[in-house]
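Each remark here refers to the structure printed beneath this line.
The values are calculated or read from the model by the stated rules, or taken from the named source; none is laboratory data. This is a predicted model, so every value here is computed, not measured. Neighbour counts are summed over all protein chains in view; Cβ atoms, including those assigned to glycine, are modelled from backbone coordinates with ideal geometry.
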């Protein structure tokens, strides 16, 4: 599965968890020890741009379609 497919699947799972109150309650109690705690699950998509021409790249691309520059993936901090 490519990165785009993984992101799509994670969004589906997150949507299902958001709509299931019993799952939220159980997860909240597990994380906090308090019943009724509502955990917040955040995701952040990384936008990768070509360093030469600024074109937005798709996940998994190794070279820019526009100018041919090698794509550099930002390092996680």
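Taken as a whole, the range 35-42 holds no residue that is outside any loop (DSSP other than H, G, I, E, B) and either surrounded by 11 or more Cβ atoms within 10 Å (Cβ to Cβ) or at pLDDT below 70 (or both). Of all the numbered requirements in (1) under 16 Å from residue 59 (Cα atoms); (2) surrounded by 10 or more Cβ atoms within 10 Å (Cβ to Cβ); (3) modelled with pLDDT under 75, residue 1 misses one, and that requirement is (2).
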